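First the structure, in the form of structure tokens, and then the observations on it.
The values are calculated or read from the model by the stated rules, or taken from the named source; none is laboratory data. Please read these numbers as outputs of a predicted model, since none were measured by experiment. With ideal geometry, Cβ positions are generated from the backbone for all residues, glycine too; neighbour counts draw on all protein chains shown.
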Amino acid sequence: MNGRHSISIAVLTTNQDDVQLINSTLRDAGHAAHCHWISSPNKLADTLAAESVELLILNCDRYPDEIRQVVKQKDCYNPELPVIAMQDKAEESNIESAMRAGACDLVSLRLKKRLQSVVSRELRALRVERALNSTLQSATEYKRQLKDHRDYSSSSIALVQEGIFVDLNDSWLKTFKLKDKNELIGTPVMDNFEAESQAALKGALVATVQGKWQKGEKLIVKAHIDSGDAEELHLQFGRIDLDDGTCVQIRIAPQLQIAEEPTKLVHDALKRDPTMLFFHRAQFLERITKRLKRKPASGTHCLAYIKPDHFSALKDKIGILASEEILGLFAEEVRKRMHPRDVAGRFEGTSIMVLLERGTARDAQVWGKQLVDHIGNTMFEIEDKSTSMTCTVGACAVSEVFSSLEEFIAATIAAYEIGKTAGGNGSFLSDSAEEDTKQREFDAIWVRHLKAALMENRFRLAQLPIAGLRSDSIQMYDLLVRMIDEQGNSVLPSEFLPAAERNNMMKNIDRWMLKAATQFCGKNNADRVFVRLSQQSITDPSTAAWIEQKLDGDGFDCSRLVLEVPERDAAKHIKQTKHIVSHARRLGIGFAIEHYGIDQERFQILDLLKPDYIKVDGELMHTLTTDKTVQNAVSKIVNAARERNIKTIAERVENANAMAVLFQLGLDFMQGHYVHEPEVVLENTGNTAPNTLAGLATANNG
């Protein structure tokens, strides 16, 4: 109590001097007291009816009614009003009797300090109780309004608690074509959605309860509607705290329906193959020609040529008509594993060609391998007939060595032919002597550009934030490299890094990256920055000594740096990787294995190298939301990492569905376009660029 609020007090006594005594005592304590003198029970009733009295002080020695009668009278008007009794003497037995009669306390007229304390205490308790009652009343009204909104909203809304429906509105019933709420209330929410959507849905529910789901974010799921075909729904989530615990409100977001003219729909249908529902060959070629004229935001374009193995024998086995339907089912499985930016067409006969946007050619091969494995484990059923099948994938990344689309496609089909000759049922990359000859010619040009960029300091650093799925307590970034050409245009890594790798120049770029990373940390509050080492740096005996000399010698806080190495390189060069890691750890530098999980489970490498982080390969993210096999594989990786106290990071997370599944599987961090696009952050490294090749060699060999 600070005296800023006026206190309305009723003083029950036949002696007006008591009123003056109480008034002065409370004012001495800083309370702005306004006392009403009540000399008889009739006057008390009038005062309680007319005034907002906050406290009753009853002089038991000088008032006709006893405590119990006063309490009974005031309860008719305001039951929460506290009563403080007063007597000339306040013994323990008298205090106990007074409180039994309904008084909050009994004080002596002689002890002014105690009177001040008791009054302050009771007023504070009264106002807290009133505030609480007001809050509860507001909450009750809010819940009533919320329920009214839920019940009568045109949006489909349901409340879910611990995975069980606890309430829903009529619109939800209409969406799912149900007649009564009781058909759903008390049942698991998962039962209403397709198996391929359940992992993402479960993750979204858990993330919402823990406050990690972004407001306005939509989850795309497939639901069972009236036991018919699955229907795609866009769900929004919000956390609601109710008396009986935390609930998640699920709202089916309206989807924009764009009316299309029947003529346009017919034209679009004519562009697609009726069996596979992919573009006809001419339409496909037209689209990829336009697509190849622009560079992807990151990574590179790759072509994949996909064809079922031994389809003629399969057709003889199940019949011509059934084989065409099997082909349609095969195409559907391919479609499920495509990224939204990928474009596919029925190229010829039973073959499919897909233009992929991936990080590297290896990623396209991995995508093909995943598809091959999936097809091999899928049973295709048509009426009473069922069959299994395999396929072969040829992949090729776009390159300047191809002077035309014709050559690009030919190289992709040549990769398929290599696989077919090897027995099929696999994924293969382009590898031709003619291509290698042209590649060497272009590499000679790239080498000149790379050396000039290093000497003229035309490399730039770009950051890719790493977001916490469990906590946002530390700021982490994956650092990438960009090259600026002579005209000032940014060159993507997918264009110059392959040439640098083929011509033993990656060590120079790696060391530029490490120096630039220290400057980035000096200008930013990053807790961790990840810098990858190439195979050339791993196998170079001087790398460990260079790191120790250049980084530790500059006084840089090395605990902010994490070196990352691709799983394949680490597994291929275990001894060299351990050597670098051991030197780095002495400085406090962390270690991460990236692109982890594509090959067979290599948990042994975790025990050998003991990384602080593993980055789960981004190719697993493309089918994570719908593929149980991939989910199980990622779950094994997470469990193996958790047992070894290793933090996990998911690469290339593209959407909320993938984030929700990752949250459910227990990963710690994620990176990718869903978190943030890469952006240039270090325009000028401040390095003094050597102006001769000799100077360049000296600078990089340290």
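Results for (1) modelled with pLDDT under 85; (2) crowded, with 20+ Cβ neighbours inside 10 Å; (3) not in a helix (DSSP H, G or I), shown as yes or no for each residue.
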{"site": "W37", "(1), (2), (3)": "no, no, yes"}
{"site": "L44", "(1), (2), (3)": "no, yes, no"}
{"site": "Q69", "(1), (2), (3)": "no, no, no"}
{"site": "R121", "(1), (2), (3)": "no, no, no"}
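Give the residues of region 658-671 that are of a type in the set (S, T, N, Q) and within 18 Å of S473 (Cβ to Cβ), sorted by residue number. Of everything in region 658-671, just one residue is of a type in the set (S, T, N, Q) and within 18 Å of S473 (Cβ to Cβ), namely Q671. One residue stands out among those in region 129-177 that are modelled with pLDDT under 85 and aliphatic (A, V, I, L, M): the one that is farthest from L201 (Cα to Cα), which is A131. Among the residues of region 581-612, those that are closer than 22 Å to N645 by Cβ and assigned to a loop (DSSP other than H, G, I, E, B) comprise L587, G588, I589, G597, E601, R602, K610, P611, D612.
If the requirement is being under 29 Å from the mean Cα position of the chain (by Cα) and either surrounded by fewer than 16 Cβ atoms within 10 Å (Cβ to Cβ) or on the phi > 0 side of the Ramachandran plot (or both), which of these qualifies: R341, R362, R358?
On the way: R362 fails: either surrounded by fewer than 16 Cβ atoms within 10 Å (Cβ to Cβ) or on the phi > 0 side of the Ramachandran plot (or both); R358 fails: either surrounded by fewer than 16 Cβ atoms within 10 Å (Cβ to Cβ) or on the phi > 0 side of the Ramachandran plot (or both).
The match here is R341.
Answer with yes or no whether S430 is out of contact with any Phe, Trp or Tyr (no Cβ under 8 Å at 6 or more places or on another chain), surrounded by 20 or more Cβ atoms within 10 Å (Cβ to Cβ) and not assigned by TED's automatic domain parsing to the domain that holds Q536. So S430 fits the description; yes.
Has region 319-336 got any residue that is under 24 Å from D617 (Cβ atoms) and either modelled with pLDDT under 90 or acidic (D, E) (or both)? Yes: region 319-336 contains one or more residues that are under 24 Å from D617 (Cβ atoms) and either modelled with pLDDT under 90 or acidic (D, E) (or both). When region 206-216 is filtered for residues that are farther than 14 Å from L662 by Cβ and crowded, with 17+ Cβ neighbours inside 10 Å, the ones remaining, listed by number, are T208, V209. Only one of (1) within 36 Å of the chain's Cα centre (by Cα); (2) surrounded by 14 or more Cβ atoms within 10 Å (Cβ to Cβ) fails for E325. Which number is that? E325 satisfies all of (1) within 36 Å of the chain's Cα centre (by Cα); (2) surrounded by 14 or more Cβ atoms within 10 Å (Cβ to Cβ) except (1).
Against the test of being in contact with a strand residue (DSSP E or B) (Cβ under 6 Å, 6 or more places away or on another chain), closer than 19 Å to V119 by Cα and hydrophobic (A, V, I, L, M, F, W, C), the options L58, L44, L21 yield a single qualifying residue, L58.
Mind checking whether some residue in region 379-386 is in contact with a strand residue (DSSP E or B) (Cβ under 6 Å, 6 or more places away or on another chain), surrounded by fewer than 23 Cβ atoms within 10 Å (Cβ to Cβ) and closer than 22 Å to L277 by Cα? Taking every residue of region 379-386 in turn, at least one turns out to be in contact with a strand residue (DSSP E or B) (Cβ under 6 Å, 6 or more places away or on another chain), surrounded by fewer than 23 Cβ atoms within 10 Å (Cβ to Cβ) and closer than 22 Å to L277 by Cα.
Number of residues in region 71-95 that are closer than 23 Å to A131 by Cβ, of a type in the set (D, E) and part of a helix (DSSP H, G or I) equals 1. Residues in region 46-103 that are under 18 Å from E122 (Cα atoms), touching a residue at least 24 places away in the same chain (Cβ under 8 Å) and of a type in the set (K, R): K74 alone. Of everything in region 587-603 that is of a type outside the set (V, I, T) and at pLDDT below 90, the residue that is surrounded by the fewest Cβ atoms within 10 Å (Cβ to Cβ) is Q600.
Yes or no, residue by residue, for (1) more than 26 Å from A658 (Cβ to Cβ); (2) in contact with a Phe, Trp or Tyr (Cβ under 8 Å, 6 or more places away or on another chain):
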| residue | (1), (2) |
| --- | --- |
| F278 | no, yes |
| K315 | yes, no |
| I326 | yes, yes |
| R341 | no, no |
| E348 | yes, no |
| A361 | no, no |
| W367 | no, no |
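Residues that are over 13 Å from T387 (Cβ atoms), touching a Ser or Thr at 6+ places or on another chain (Cβ under 9 Å) and not small (G, A, S) within region 302-323 comprise C302, L303, Y305, I306, K307, listed in sequence order.
Of L55, L81, which residue is crowded, with 21+ Cβ neighbours inside 10 Å and at pLDDT below 90?
Details: L81 fails: crowded, with 21+ Cβ neighbours inside 10 Å.
The unique qualifying residue is L55.
Does L371 count as touching a residue at least 40 places away in the same chain (Cβ under 8 Å) and either assigned to a loop (DSSP other than H, G, I, E, B) or closer than 27 Å to A499 by Cα (or both)? Criteria not met by L371. Reported count of residues in region 19-28, each being within 60 Å of the chain's Cα centre (by Cα) and either part of a strand (DSSP E or B) or under 17 Å from E54 (Cα atoms) (or both), is 2.
Residues in region 556-578 include none that are among the aromatic types (F, W, Y), surrounded by fewer than 22 Cβ atoms within 10 Å (Cβ to Cβ) and out of contact with any Cys (no Cβ under 8 Å at 6 or more places or on another chain). Tally the residues that are of a type in the set (K, R) and either in a helix (DSSP H, G or I) or modelled with pLDDT of 85 or more (or both), restricting the search to region 178-187. Looking only at that region, the number is 1.
Per-residue answers, yes or no, for (1) crowded, with 18+ Cβ neighbours inside 10 Å; (2) touching a Leu at 6+ places or on another chain (Cβ under 7 Å); (3) over 18 Å from P340 (Cα atoms):
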position	(1), (2), (3)
L620	yes, no, no
L624	yes, no, no
T629	no, no, yes
A658	yes, yes, no
L662	yes, yes, yes
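For (1) surrounded by fewer than 17 Cβ atoms within 10 Å (Cβ to Cβ); (2) farther than 15 Å from E400 by Cβ; (3) not β-branched (V, I, T), each residue gets a yes or a no:
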residue	(1), (2), (3)
S471	yes, yes, yes
L480	no, yes, yes
I484	no, yes, no
G488	yes, yes, yes
F496	no, no, yes
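Given the options A500, A410, A467, name the one that is within 30 Å of T539 (Cβ to Cβ) and either surrounded by fewer than 20 Cβ atoms within 10 Å (Cβ to Cβ) or free of Cβ contacts under 8 Å to residues at least 60 places away in the same chain (or both).
Selected residue: A500, the only one of A500, A410, A467 that is within 30 Å of T539 (Cβ to Cβ) and either surrounded by fewer than 20 Cβ atoms within 10 Å (Cβ to Cβ) or free of Cβ contacts under 8 Å to residues at least 60 places away in the same chain (or both).
Conditions tested, residue by residue: (1) under 27 Å from the mean Cα position of the chain (by Cα); (2) among the basic types (K, R); (3) more than 16 Å from S537 (Cα to Cα).
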position: E548; (1), (2), (3): no, no, no
position: C558; (1), (2), (3): no, no, yes
position: P566; (1), (2), (3): yes, no, no
position: A584; (1), (2), (3): no, no, no
position: G597; (1), (2), (3): yes, no, yes
position: Q604; (1), (2), (3): no, no, yes
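Kindly establish whether A462 is closer than 30 Å to D612 by Cβ and in contact with a helix residue (DSSP H, G or I) (Cβ under 8 Å, 6 or more places away or on another chain). The answer is no for A462. Kindly indicate whether V562 is β-branched (V, I, T) and modelled with pLDDT under 90. Against the criterion (β-branched (V, I, T) and modelled with pLDDT under 90), V562 does not qualify.
Which residues, taken from region 627-657, are closer than 20 Å to M476 by Cα and small (G, A, S)? Across region 627-657, the qualifying residues are A641, A650. Within region 648-669, residues that are assigned by TED's automatic domain parsing to the domain that holds H595 reach partners that are of a type in the set (S, T, N, Q) and modelled with pLDDT of 90 or more with beta carbons closer than 6 Å, at six or more positions or on different chains, in the pairs L665/S635; L667/T648; D668/T648.
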